[in-house]
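The values are calculated or read from the model by the stated rules, or taken from the named source; none is laboratory data. Because the structure is predicted, anything quoted here is derived from the model rather than measured. Here Cβ is always computed from backbone atoms with ideal geometry, including for glycine, and neighbour counts include all displayed protein chains.
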Amino acid sequence: MSITEPTARPIGDIDRALAAFTILLGEDAVITDPQELLAFRDPFTYRESDQWDASACVMPTSTEQVSAVVKIANEHGVPLWTFSQGRNNTYGGPAPRVPGSVIVNLRNMNRVVEINEELAYAVVEPGVRWFDLFDALEEAGGKLWTSIPDLGWGSVIGNSSEYGRGYTPYGDHAENICGLEVVLPTGEIVRTGMGGMIGSQSAHIYKHAFGPQLQGLFQSSGLGIITRMGYWLQRRPEAYASCWLSFRGDEALAASIDLMRELMLDGTVTNYPVVLHGVELDADGNPSFSPEKDLWLVRFALYGRPEIVDANWVACERLFGAVPGMSLRRRVYAGDDRTSHAGHEDRVMAGIPDMDILDLFQSVYGEDTAHLDFSPVGPLRGADVVETAHLMRGLYEKTRERFFSGLMLSPRSVIHISTMFFDPHDEKQTTAVYENYSAMLAVMRDRGYPVYRTNLQHMDAVAAQFDFNDNALLRLNERIKDALDPNGIMQPGKSGVWARRYRETAQ
Ligand SMILES: Cc1cc2nc3c(=O)[nH]c(=O)nc-3n(C[C@H](O)[C@H](O)[C@H](O)COP(=O)(O)OP(=O)(O)OC[C@H]3O[C@@H](n4cnc5c(N)ncnc54)[C@H](O)[C@@H]3O)c2cc1C
C-alpha cells in the first residue's frame, strides 16, 4: 500500500515523445520553451520554485488528437497531466503533480457542441469557459441559466469534474453532468451511460446507465481525459431575489444555520447559500474585508414565479425575523434582466459570470496575491458550525496570516472553506501557510471532517486520511488505476492515487 509519496518519478523517453507529438499536432501546438512553460506553474506556490514544472505542453484540437497523444505517451512511458482551462488556482492551478509531465492543454477544444433549450441541457468541450457558455445560452434565446463559480474564466468541465460549486439551484456542478466522452489511459474513446449507443437520443437527458454508472470514475480521478460533457441547465425563472442576512455572534450563527437547513430541506430556499465571515458590504452590495469586525453575512436567493418568490420571502422574513439580531434585505430582478445587477454578489446567484472578486482578493498583497483554501466537509448543524468556526479561527491565529471564511451550504452538509492569503514571492511566508494547512488537516481529521478537494502538495496526505479498514479505499483506487492505466501515464498522483510503476519505484 502506498500512502507515502513516491520519491523517484519515471518520466520515460521524453525526446521521442516530443518528436511524435510535433508530427501529430504541428510545432505551434507543442510548447517546450522553458520561458513559455512558466505560464503553467501554479501561481499560488512560491513563484521561484521549479518543483512542479512540466517538460512540455501539447494542445490538441479534437478527441482523435487527444487519443493519439495518449497513445504516444504510452509508447514512450511519458506521464501526462490534463487541464481544460488550467485556472484551478488554490487547488494546483495548471501545474502537474509529477514534475517533467507533459501537459495536455485543452483550451483550443472550445466548442459549445449543442444547446437544447427545450430539454434544458448543453454539450460542451473542455475549453468552454463559463463566460462562453453564458454567451452561447444568451445567443440561443436566454431561456436557460447555467450555474457558475465566482470567477468566469474557468472551464465548465474542469470545475464540474472537480466537484466545483456555484450558487444557483444548479450549484452542485458535478450533479449537472450527464453523459461524458472520455479518452481512456490507453487511448480508447468511450461514451458513458446512455451515450454508449450510436445515435442515442438519451445520452444527455437520462443520468443512469445500463449496468454500472461509470461517469463518476472520471471525476477528479486522473483515469481519463474528458473530451465532451452533457450539462444540465436551469430554466430561466420569471423572478429572482438576491437575499442577505447579517448578524453578529455565535448564537445567531447557530440559529441561522439550523433555520437555513430547514428552509433548504423543505424547498423554500433552493440555491446553494454561502455564509461569509470578515466581509462587509457597502450600500451597493460590494464586499470588502473587515476581519476585525465579528460580522457574519449569509447570501441566498429565491427563484420562480413572482408570486412564489414573494411568498417565500415573506416566510424568510417571518422565520429569520424571529431570531434576535438578524437584519434581512433583498433585491429583486426579472429573470430576463441580465444587465442591471447591482454587483458581483447579485450576478453570481443569477449565473452571470465576471472576474470582479479578484479585485477584492488582490486588495491583500497586490496583483500577485495568492491564497490557500482549506475545504473540510461537515454536518449542517448550527452547534457544529459554531464549534468548527472557533477551531479553525484558532488555527489561523497561530500563523497570524490574514484569512477569511466562506461556508458553502448544502441541505445536509457544509464545506468550511477558509482562505489563507500570502505573498507567493515570499518563500518563508508561503512555506508557513502550506505547513499550517498540514496542521489543520490533522485537527479536522480528528474531528471526522474529510477534505473534498486539495492542492498538489497535500493530495497524498488527504488520500491517506481515508483510513477505514487500513486504507481499503485507496487500495481499491490503485487497483482500478492499474487496470485502466497499465503504463501509469495518466495524471499520476492525481487525488493521491499512484499507478504501480510509481509505487514500485518508491519501494
Ligand atoms: C478567487 C477564486 C475564487 C474561486 N471561486 C470558486 C468557486 O466559487 N467555486 C469553485 O468551485 N471553485 C472556485 N475556485 C477554484 C478554481 O479556481 C475553480 O474551480 C476553477 O474553475 C477551476 O479551474 P478550471 O475550470 O480551469 O479547471 P482546470 O484547471 O482546467 O481543471 C482542474 C483539474 O481537473 C482535472 N481536469 C480538467 N480538465 C479535465 C479533463 N478534460 N479531463 C480529465 N480531467 C480534467 C485536472 O486534474 C485539472 O487539474 C476559485 C478560485 C479562486 C482563485
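Determine if segment 159-168 includes at least one residue that is more than 16 Å from the ligand (Cβ to nearest atom) and not assigned by TED's automatic domain parsing to the domain that holds SER410.
No.
Just checking, does segment 115-124 include any residue being surrounded by fewer than 20 Cβ atoms within 10 Å (Cβ to Cβ), in the same structural domain as ALA68 (by TED's automatic domain parsing) and of a type outside the set (Val, Ile, Thr)?
no
Out of all the residues in segment 221-239, which are part of a strand (DSSP E or B) and more than 16 Å from the ligand (Cβ to nearest atom)?
TRP232, GLN234, ARG235, ALA239
Within segment 332-366, how many residues are under 26 Å from THR90 (Cβ atoms), more than 13 Å from the ligand (Cβ to nearest atom) and not in a helix (DSSP H, G or I)? Talk me through it step by step, then tell me what you get.
So the first thing to find is which residues in segment 332-366 are under 26 Å from THR90 (Cβ atoms), and the list is 341, 343-366.
After this cut, where a residue has to be more than 13 Å from the ligand (Cβ to nearest atom) as well, the list is 341, 343, 346, 350, 352, 365-366.
Checking which are not in a helix (DSSP H, G or I) leaves us with 341, 343, 350, 352, 365-366.
Total satisfying the criteria: 6.
Among the residues of segment 2-27 satisfying the criterion of being touching a Ser or Thr at 6+ places or on another chain (Cβ under 9 Å) and not in a helix (DSSP H, G or I), which is modelled with the highest pLDDT?
ILE11
Would you please name the residue that is farthest from the ligand (Cβ to nearest atom), looking only at residues in segment 89-114 that are surrounded by 21 or more Cβ atoms within 10 Å (Cβ to Cβ) and either among the hydrophobic types (A, V, I, L, M, F, W, C) or closer than 22 Å to GLY230 by Cβ (or both)?
VAL102
When segment 64-86 is examined, which residues are found to be under 26 Å from ASP132 (Cβ atoms) and either buried (at least 23 other Cβ atoms within 10 Å of the Cβ) or under 23 Å from the mean Cα position of the chain (by Cα) (or both)?
Selection gives VAL66, VAL69, VAL70, LEU80, TRP81, THR82, PHE83, SER84, GLN85, GLY86.
Against the conditions (1) part of a helix (DSSP H, G or I); (2) in contact (Cβ under 8 Å) with a residue 24 or more places away in the chain, where does LEU119 fall short? Just the number, please.
Going through (1) part of a helix (DSSP H, G or I); (2) in contact (Cβ under 8 Å) with a residue 24 or more places away in the chain one by one, LEU119 breaks only (1).
With the condition being outside the structural domain of GLY493 (by TED's automatic domain parsing), crowded, with 17+ Cβ neighbours inside 10 Å and at pLDDT 95 or above, I'd like the strands (runs of 3 or more DSSP E) fully within segment 373-479 carrying at least 3 qualifying residues.
Once the strands (runs of 3 or more DSSP E) in segment 373-479 are filtered for at least 3 residues that are outside the structural domain of GLY493 (by TED's automatic domain parsing), crowded, with 17+ Cβ neighbours inside 10 Å and at pLDDT 95 or above, what remains is 403-409, 413-422.
Regarding SER84, is this residue closer than 15 Å to ILE225 by Cβ, of a type in the set (Ser, Thr, Tyr) and within 12 Å of the ligand (Cβ to nearest atom)?
yes
Considering only segment 374-386, I want to know if a residue exists there that is in contact with a helix residue (DSSP H, G or I) (Cβ under 9 Å, 6 or more places away or on another chain), closer than 22 Å to SER290 by Cβ and within 14 Å of the ligand (Cβ to nearest atom).
yes
Can you go through ILE72, ILE103 and tell me which one is part of a strand (DSSP E or B), β-branched (Val, Ile, Thr) and either outside the structural domain of VAL433 (by TED's automatic domain parsing) or in contact with a Gly (Cβ under 9 Å, 6 or more places away or on another chain) (or both)? Spell out the reasoning first.
Values: ILE72 fails: part of a strand (DSSP E or B).
Matching residue, one of ILE72, ILE103: ILE103.
Quick test for you: out of GLU251, GLU262, GLU280, pick the one residue that is in a strand (DSSP E or B), out of contact with any Lys or Arg (no Cβ under 6 Å at 6 or more places or on another chain) and acidic (Asp, Glu).
Step by step, each of GLU251, GLU262, GLU280 is checked, and only GLU280 is in a strand (DSSP E or B), out of contact with any Lys or Arg (no Cβ under 6 Å at 6 or more places or on another chain) and acidic (Asp, Glu).
I'd like the residue in segment 169-191 that is under 22 Å from GLY488 (Cα atoms) and among the β-branched types (Val, Ile, Thr) and, out of all such residues, is farthest from the ligand (Cβ to nearest atom).
This residue is THR186.
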